[in-house]
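The values are calculated or read from the model by the stated rules, or taken from the named source; none is laboratory data. Being a predicted model, the structure only gives us computed values, none of them experimental. With ideal geometry, Cβ positions are generated from the backbone for all residues, glycine too; neighbour counts draw on all protein chains shown. All accessible areas refer to the heavy atoms of the entire protein, side chains included, with ligands and DNA or RNA removed. Shrake-Rupley method; radii C 1.70, N 1.55, O 1.52, S 1.80 Å.
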Amino acid sequence: MTNLDGVFRREWGPAVAALARWSGDLTVAEDAVQEACAEALRGWPRDGMPDSPGAWLVTVARNRARDRLRRESARPGKELAAFVDDIRARTDHTDPHPVRDDELRMMFTCAHPALDRQSQLALTLRLVSGLTVAEIARALLQTDTAVGQRITRAKNKIRHANIPLRVPPAQLLGERTPHVLGCIYSVFTEGYWSTAGPSAIRDELCDEGVRLAGELCALMPDERETHALAALTLLHDSRRATRIDDAGMLVPLEDQDRRKWDRGRIARGLDRLRLAEGSTGPYLPQAVIAAVHATAPSWEQTDWITICTAYDRLLELTGSPVAGANRALAVGFRDGPDAGLVALDDVARDPRLTRSNLVATVRADLLRRAGRPTEALTWYRTALQSNGSEPGRDFLRRRIAECGG
């Protein structure tokens, strides 16, 4: 049978979004979908997967949510039935709101100003995208415990403060858009650079990130930063098929077969990039970097000057140590590996990178390219200790072997 984990991950977000919209309660929605997935896990291997697994999960989850409301409500039977029917009537009618996609609706809903930005992001990635607490913690460079507590507090605040689970009026969507952009990009990033597990790429998350970015562009066609994010996802995703070989091993960018890149996605990404011109947000410089890679005739002809300039702009906008570490690698290609190592020292001690192996990986690569294999070997081994992705670990082991380890 088809890998059920992949099916559940793909259908999780739409199901939770639909149930939250139906019930008005995030906890009820999440628990009900979890129960539906557990029931599917028991029944589908025996009975076969339904033609529409997502619809099946929503139907079963809605029944489980209704059962929970019946158990927990103190209302008499007839009054409760009317209450449940009222929920259905309020949520199943044709909604005139401009946000038609259920997952986008949830993203805008979770961006309520009563929640801090980190809680908004963690809650959305858990409920809408189905990322685990560990995956969210790696994305946010935080501990699992801190992220779990943040999600719990956010849900409790929504419940106890009676924060309504509804999308703000159309004229207020703009103030919540940066949150939604960040969530979509986090979903795509976890798919494209999976931080744990047996696969280097999670196709369902890549597909979802690209789809949601496109939906957001359709919703807000005059927002340049939405086009910048769509360009970024499309340009990265054009290389997806060449990032692993037939054995599932990671293939670095310089070794990928550019003839197999998706030229249609590159063209659409470049179109989006033109629409994003003039954006002042962080996705435009990242999209420029992706565009330079996507259009370079070969690795040797890559325009590292433009890439480094884009990284400089990204650092001005965000101060991100991740961007700083990646910029150091680009400086190494532009000015030589020794210059890259100097640039890396400027960000290596940033406490936000403590839980990441990025600095160790970049340092090892620069040392290898500088002809210092013994030092590179030490840093590759350091990077290996904190890499949770099995294909990533295999790649580091290959580098270790190349350096004589």
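Table for the structure above
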item: Selection within the stretch 40-63 - open to solvent by 50 Å² or more (accessible area, probe 1.4 Å) and either β-branched (Val, Ile, Thr) or modelled with pLDDT under 75 (or both); result: Thr59
item: Selection status of Ile158, surrounded by 17 or more Cβ atoms within 10 Å (Cβ to Cβ), of a type in the set (A, V, I, L, M, F, W, C), modelled with pLDDT under 85 and touching a helix residue (DSSP H, G or I) at 6+ places or on another chain (Cβ under 9 Å); result: yes
item: Which listed residue, of Arg66, Arg100, is closer than 16 Å to Val16 by Cα, open to solvent by 20 Å² or more (accessible area, probe 1.4 Å), at pLDDT 80 or above and not hydrophobic (A, V, I, L, M, F, W, C); result: Arg66
item: The one condition in (1) closer than 17 Å to Ala20 by Cα; (2) at pLDDT 85 or above that Leu165 fails to fulfil; result: (2)
item: Close pairs from the stretch 4-20: first open to solvent by less than 30 Å² (accessible area, probe 1.4 Å), partner polar (S, T, N, Q), Cβ under 6 Å, at least 6 apart; result: Gly13/Ser129
item: Any hit, the stretch 255-265, residues being open to solvent by 60 Å² or more (accessible area, probe 1.4 Å), part of a helix (DSSP H, G or I) and not charged (D, E, K, R); result: no
item: Top-ranked residue of the stretch 206-254 - restricted to ones that are in contact with a strand residue (DSSP E or B) (Cβ under 9 Å, 6 or more places away or on another chain) and touching a residue at least 40 places away in the same chain (Cβ under 8 Å), ranked as most open to solvent (accessible area, probe 1.4 Å); result: Ile244
item: Matching option when the condition is in contact with a strand residue (DSSP E or B) (Cβ under 9 Å, 6 or more places away or on another chain), more than 25 Å from Ala228 (Cα to Cα) and not aromatic (Phe, Trp, Tyr), among Pro337, Pro391, Pro351; result: Pro391
item: Conditions (1) outside any helix (DSSP H, G or I); (2) open to solvent by 40 Å² or more (accessible area, probe 1.4 Å); (3) modelled with pLDDT of 80 or more: number failed by Arg75; result: (3)
item: Yes/no for Ser199 being closer than 27 Å to Met249 by Cβ, in a loop (DSSP other than H, G, I, E, B) and either open to solvent by less than 20 Å² (accessible area, probe 1.4 Å) or touching an Asp or Glu at 6+ places or on another chain (Cβ under 7 Å) (or both); result: no
item: Candidates Ala323, Ala296, Ala287, Ala328 - the one that is open to solvent by less than 10 Å² (accessible area, probe 1.4 Å) and farther than 20 Å from Leu353 by Cβ; result: Ala287
item: Selection from the stretch 229-245 of residues that are over 15 Å from the mean Cα position of the chain (by Cα), part of a helix (DSSP H, G or I) and of a type in the set (Val, Ile, Thr); result: Thr242
item: Subset of the stretch 155-180 (residues that are under 30 Å from His227 (Cα atoms) and in a helix (DSSP H, G or I)); result: Ala170, Gln171, Leu172, Leu173, Gly174, Glu175, Arg176, Thr177, Pro178, His179, Val180
item: Any hit, the stretch 361-379, residues being at pLDDT below 95 and within 26 Å of Thr318 (Cα to Cα); result: no
item: Among (1) free of Cβ contacts under 8 Å to residues at least 60 places away in the same chain; (2) under 11 Å from the mean Cα position of the chain (by Cα) - the single one Gly182 does not satisfy; result: (1)
item: Of the criteria (1) closer than 30 Å to Leu4 by Cα; (2) without any contact (Cβ under 8 Å) to a residue 60 or more places away in the chain, which one Leu275 fails; result: (1)
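Matching residues to (1) of a type in the set (Ser, Thr, Tyr); (2) at positive phi:
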position: Ser186; (1), (2): yes, no
position: Cys206; (1), (2): no, no
position: Gly209; (1), (2): no, no
position: Thr226; (1), (2): yes, no
position: Leu235; (1), (2): no, no
position: Arg239; (1), (2): no, no
position: Thr242; (1), (2): yes, no
position: Gly248; (1), (2): no, yes
